[in-house]
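A.B. asks: Once you've had a glance at the structure underneath, I'll fire off some questions.
The values are calculated or read from the model by the stated rules, or taken from the named source; none is laboratory data. These figures come from a predicted structure and were not determined experimentally. Because the Cβ atoms are built from the backbone with ideal geometry, glycine has one as well, and the counts that use them run over all protein chains shown. Accessible surface is based on the protein model in full, side chains and every heavy atom, while ligands, DNA and RNA are left aside. Shrake-Rupley method; radii C 1.70, N 1.55, O 1.52, S 1.80 Å.
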Amino acid sequence: MKVSAIIFCLCITTLLHAQPQKELYIANDDHTDYMWSGDENQYRDAFIKMLDYYLEQSDQTAALPSPFQSRFNCDGSYWLWVYEKHKSSQEFQRLIDKIRSGNISMPYNTLVSCYGAVPAEGILRGMYYAGHLERKYNLDLNLGVAMENQTLPLGLGSLWAGAGVKYSWKGVCNCATEIKDLKSRNKQIYWYKGLDNSAVLMKWYAIPGENKQLGGYAEARDPSLAVDQLNVLCGSSQYPYHIGGAFGYGWDDLQTTTTIFTTTAQEKTTDDRHVFVSNQSDFFKAFETAYGKDLPHESLSFGNEWDLYSSSMAELSARVKRSVEKLRSAEAMASIVGLQDKNFGNDLEEMRRTAWMALGLYYEHNWTADGPVKKDERAAWQRKVEAQLSNYVDSLFNRSQRVLGSFINNKKNRNRFYAFNPLSWERTDVCDFPYSGTKTIKVTDIHTNKEVPSQIIAKAGKQYVRILASNVPSLGYRVYQIAEGKPSSLPVAAVQNNNVFENNFFKITVTRQGVITSLVDKRYGNREWVANVGGKLMNDLGSGLDNTGKLVVTEQGPVSLTIECTGGIPLKHTTRITLFKDIPRIDINNQITQNFSNVERWSFSYNLPDADVWHEETGAVLKARLHIDSGHYATQNGRYDWLTLNHFADVNNGKQGIMLSNADCAFMKLGNSALTNLDTQTPQISVLVGGQVDGETLGIQKQDGDSLFTQRFALGTHNEFSPAATMRFSLEHQNPLVSGQVTGSQPFYPESDYSFLSVDDPDILVWSLKPPEDGLEKGLIVRLWNFKQKDTSFGIHFKNHVDSAFQTTHVETDIKSTVIQNGALQESIGKNQLKTFRVMLKNDSGK
């Protein structure tokens, strides 16, 4: 043999021996198809049986080397919720001990969910039970799961990371899908990076072909085959790593119990590969140590698929969204009340925890409703879960509203009411107070001792006095007094000329069907904002320029003018449009008053060509373009027909734009977008009313019989686009000033006005002010959202000085103490970041 050949052989031998031993992780789980494979009772029994089985398996394999010991992975905290409620405290402690040892694992999420329709705060509340267990038992939780559904939102990663999630895996169904390119992925493991630069390590394998388990939601259905496939994958050009993982066993079974993972790990371990029975976290920790620093990142949204099916019960899903929004006011008032009464709301604790679990359950991924559990059973369960949330929110709101009024000084026992502002900036807006007395009244601002514009209105058959409440303090109130007497003569808020209505800001033309055919903006040179795109205009359910129906003015006074349009094309509906005296906002209240089965939409067509659409997804504000076109959407593995629409969509060209606030719906379509095409050229947004978007087999048919759908919007205009300004506009529309009777029975707070806190940067908004989950003795929780594109320092100034404060996770587990200067919280926040703090305030009154 020639010397060169000998050297070549020696080099090859050296390289072969230099290759690292492969580490292959196989993880067992059940894959909970809740209310699909079985009903509540069946899954209760299955959870308990499987956990008991795997606890016993853990004990029986304890003498084996650690890689071969039994491990089992719950795919939601709901497993522990059920186990805790039906087992003894000793049995539950045994389960906790196995989680601590790593033989059982649990993610933060309640169950496997579709997140595209979920408000940001709804996602966080669904993880609160896991946070409770984390603190109570000092657990090291780090997983989040969103599997089977083919798509994934961008903002979820930031919300997860802020809650404590470090690792996640995604396996898709590759069934009931319109996405055709799941056999390849640009990245199979990467940092799932949010717009705030936080990141979760994500394993999301491609599905390479037939008989390939990898990339599915039951990658380890055959653990031996999974090891063989991982062995081929690791070190390949598509996956140049020596550490691989295959997760998931249960597939669509109601329950599974097996010892095959421990035997497979032992049998398949060889000199060049080591097979581990995995709790999933061990895989990620090993992979992060080996490759984390050099791993690529991805910050993309993949649109929505199974997420869309919650719109097959559109009104019920809207109620969930309304309740999440209503929490903002309920919890803010409860926080102020709780400063004076540390026992406030203690009797609602179980109701509250059930409500958070309901939020985690409502968007469970089996909205397909095409399994063994019948559609009507699934629909009834969805209604039950929604009621658990809404009943708690209503209870907290009503009690906080009443008690706050009793804490405001009213020594002279006058007829007074407060207007409470749940938002973190001073605002001027309308306030409606239930009032059954004489209509000849005048209303006075106690702070200024001046009369305010007022008028009598009716809502749902009940009489209210509506006022213009000016300069209501941030997260605080202003008090008003009602007295009999003739009010001052003031000009009306808006005037009418047939079907044309005009105030200081806008001149709008409306059909009797409630379609806005013209919107002239008087502040910007009488600019026309409405376009006719494909026969659709603005707030157009499908009638276009048809002018049949009925139009009447129902309210007109110095505060506002409301018109009511009643039409029937294509569905029976009533539209109420309101213009205000001193508020540059057009409120739209649509009510569809019949059942429907087709996919319906409200169209908003804009006279603004070549504009971008920015919208709130789940905890992120996205540019609705593909990432190769300077946007946030993936070019591969995505679906583009219906994008997430949370609080707003903003159409702008950088110099001017129009805002659409959305209170009740969940999805929108850009122009003529289709499954594989994101249309950014057609100046139209269509908001999904509801329906089974992927055919009558997926989702609940005919809206489960509902025949009343409330869907509210608001329109406003601006110059340069500011995400913070658009969010403020939307939050003001969706969080009206709260009114309540001032009784003064326990006058802890001043009689005229009060502000609990203020933030010194207008682009940083208080997203949530709430009592802590662990009780008011722990202080208060303040969650902020920075809408700036840069890291920022800020201060929060409280009425009561701060004794101490801590940065926490979004599920309220302390991370570190924060800086207090002159009684205020002084901190920094990253670009686009949500950040949560726990503050301890001095226990003095608000006087």
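A.B. asks: Please report the net charge: other residues with Cβ closer than 15 Å to the Cβ of ILE441, K and R +1, D and E -1. All intermediate terms of the calculation are to be shown ahead of the outcome.
C.D. replies: Details: positive: ARG414, ARG416, LYS439, LYS442, ARG466, LYS486; negative: ASP432, ASP445, GLU451, GLU484.
Around ILE441, the surrounding residues sum to +2.
A.B. asks: Among residues other than GLN636 whose Cβ falls under 13 Å from its Cβ, what is the net charge (Lys/Arg +1, Asp/Glu -1)?
C.D. replies: Details: positive: LYS180, LYS183, ARG185, LYS187, ARG639; negative: ASP181, GLU298.
So the environment of GLN636 carries a net charge of +3.
A.B. asks: Also, I was wondering about something else. For the chain, what is the percent of antiparallel DSSP beta bridges, rounded to the nearest 5? Can you show the working numbers first?
C.D. replies: Working: 148 of 176 bridges.
Rounded to the nearest five, the antiparallel share is 85 percent.
A.B. asks: Which of the peptides 55-65, 446-456, 31-41 is most tightly packed, and how do the rest follow, going by the mean number of other Cβ atoms within 10 Å of each residue? Write out the running numbers ahead of the final one.
C.D. replies: Working: 55-65: 14.7, 446-456: 17.6, 31-41: 20.7.
Descending packing order for the listed peptides: 31-41, 446-456, 55-65.
A.B. asks: Placing +1 at every Lys and Arg Cβ and -1 at every Asp and Glu Cβ, with all other atoms neutral, what dipole size does segment 130-219 have around its Cα centre, in debye to the nearest 20?
C.D. replies: On the way: 11 positive and 8 negative charges, 37 e Å.
Computed charge dipole of segment 130-219: roughly 180 debye.
A.B. asks: For the ranges 220-233, 656-669, 619-632, what's the packing order if you count other beta-carbon atoms within 10 Å of each residue, average per peptide, and put the highest first? Before the final figure, lay out each step's value.
C.D. replies: On the way: 220-233: 20.9, 656-669: 23.9, 619-632: 18.7.
Ranking, from highest mean packing down: 656-669, 220-233, 619-632.
A.B. asks: Show PHE284, PHE748 ordered by accessible area, largest first, where the area counts protein heavy atoms only and the probe is 1.4 Å.
C.D. replies: In descending accessible area the options line up as PHE748, PHE284.
A.B. asks: Can you give me the C-alpha center-to-center distance between segment 419-465 and segment 126-164, rounded to a whole angstrom?
C.D. replies: Measuring centre to centre over Cα atoms gives 42 Å.
A.B. asks: Also, quick follow-up: Calculate one ³J(HN,Hα) per residue across segment 545-558 by plugging θ = phi - 60° into the Karplus curve 6.51 cos²θ - 1.76 cosθ + 1.60, and present them in order as whole Hz with x for glycine and proline.
C.D. replies: In residue order, the calculated couplings are 8, 4, 10, 6, x, 9, 10, 9, 8, 9, 8, 8, x, x Hz.
A.B. asks: Can you give the accessible area per residue of segment 439-551, in Å², using a 1.4 Å probe? Provide the component values of the computation, followed by the final result.
C.D. replies: On the way: 5100 Å² over 113 residues.
Per-residue accessible area for segment 439-551 comes out at 45 Å².
A.B. asks: Sorted by packing (mean other beta-carbon atoms within 10 Å per residue), highest first, where do 472-479, 152-159 land? Spell out each step's value before the answer.
C.D. replies: Numbers: 472-479: 24.0, 152-159: 27.5.
Highest-to-lowest ranking by the protection proxy: 152-159, 472-479.
A.B. asks: So with the 1.4 Å probe, I'd like the accessible area per residue for segment 143-196, rounded to whole Å².
C.D. replies: Numbers: 1360 Å² over 54 residues.
Per residue, segment 143-196 has 25 Å² of solvent-accessible surface.
A.B. asks: Taking the simple approach of a point 7 Å from Cα along Cα-to-Cβ for both ARG523 and THR635, what is their distance in nm?
C.D. replies: For the pair ARG523/THR635, the computed spacing is 3.9 nm.
A.B. asks: Out of ALA318, LEU225, THR257, whose Cα points farthest toward the positive end of the dipole of segment 219-328 (charges: +1 Lys, Arg; -1 Asp, Glu; placed on Cβ)?
C.D. replies: Value computed over the given set: ALA318.
A.B. asks: Let me have the relative contact order for the chain, percent, based on Cα pairs under 8 Å that are six or more residues apart. Walk me through the numbers on the way to the answer.
C.D. replies: Numbers: 2122 pairs, mean separation 119.8, N = 847.
It rounds to 14 percent for the chain.
A.B. asks: With angles folded into 0 to 90 degrees, how steeply does helix 40-60 sit against the dominant principal axis of the chain? Use alpha carbons for both and round to 10.
C.D. replies: With both axes taken from Cα atoms, the answer is about 40 degrees.
A.B. asks: Shifting gears a bit: Give me the angle, in degrees from 0 to 90, between the Cα long axis of helix 349-362 and the longest principal axis of the Cα atoms of the chain, rounded to the nearest 10.
C.D. replies: Relative to the chain, helix 349-362 is tipped by roughly 70 degrees.
A.B. asks: Report, in whole Å, the centroid distance computed from the Cα atoms of segment 682-736 and segment 244-317.
C.D. replies: Using only Cα atoms to place each centre, the spacing works out to 34 Å.
A.B. asks: Leaving out ligands, DNA and RNA, what percent of the accessible area of the chain is carbon and sulfur, probe 1.4 Å? Don't skip to the answer; put the middle values down first.
C.D. replies: Working: 14320 of 30420 Å².
About 47 percent, which is the carbon plus sulfur part of the accessible surface.
A.B. asks: Can you check what the net charge comes to around VAL200, using other residues whose Cβ is under 14 Å from the Cβ of VAL200 (Lys, Arg +1; Asp, Glu -1)?
C.D. replies: Values: positive: LYS166, LYS170, LYS187, LYS193, LYS203, LYS285; negative: ASP196, GLU288, GLU298.
Neighbour charge sum, excluding VAL200 itself: +3.
A.B. asks: Counting alpha carbon pairs within less than 8 Å and at least 6 residues apart, what relative contact order, in whole percent, applies to segment 620-704? Write down the numbers at each step before the final one.
C.D. replies: Numbers: 123 pairs, mean separation 18.0, N = 85.
The normalised contact order for segment 620-704 reaches 21 percent.
A.B. asks: What nm distance separates the two modelled labels at SER89 and THR428, each placed 7 Å from Cα along Cα→Cβ?
C.D. replies: 5.8 nm
A.B. asks: Over segment 286-368, with the other protein chains present, what is the accessible area per residue in square angstrom, probe 1.4 angstrom? Provide the component values of the computation, followed by the final result.
C.D. replies: On the way: 2290 Å² over 83 residues.
Spelled out: the 1.4 Å probe surface of segment 286-368, per residue, equals 28 Å².
A.B. asks: Pairing the Cα long axis of helix 89-101 with the longest principal axis of the chain, what angle in degrees results, from 0 to 90 and rounded to the nearest 10?
C.D. replies: Here the helix axis deviates by roughly 70 degrees.
A.B. asks: Could you grab the relative contact order for segment 625-768? Cα pairs under 8 Å, six or more apart, rounded to a whole percent.
C.D. replies: Details: 186 pairs, mean separation 33.2, N = 144.
Over segment 625-768, the number comes to 23 percent.
A.B. asks: Okay, next question. Taking +1 at the Cβ of each Lys and Arg and -1 at the Cβ of each Asp and Glu, which of ILE179, LEU308, SER66 sits farthest along the dipole of the chain towards its positive end, judged by Cα position relative to the Cα centre?
C.D. replies: Farthest along the dipole direction, towards plus: LEU308.
A.B. asks: A follow-up question, please. Can you give the charge dipole size of the chain about its Cα centre, rounded to the nearest 20 debye, using +1 on the beta carbon of Lys and Arg and -1 on the beta carbon of Asp and Glu? Please report the intermediate quantities before stating the final value.
C.D. replies: On the way: 87 positive and 94 negative charges, 477 e Å.
The dipole magnitude comes to about 2280 debye.
A.B. asks: Between ARG414 and ASP774, how high is the FRET efficiency from 1/(1 + (r/R0)^6) when r is the Cβ-Cβ distance and R₀ = 51 Å? Nearest 0.05. Intermediate results must be reported in sequence, preceding the final value.
C.D. replies: On the way: r = 39 Å, r/R0 = 0.77.
The calculated FRET efficiency here is 0.80.
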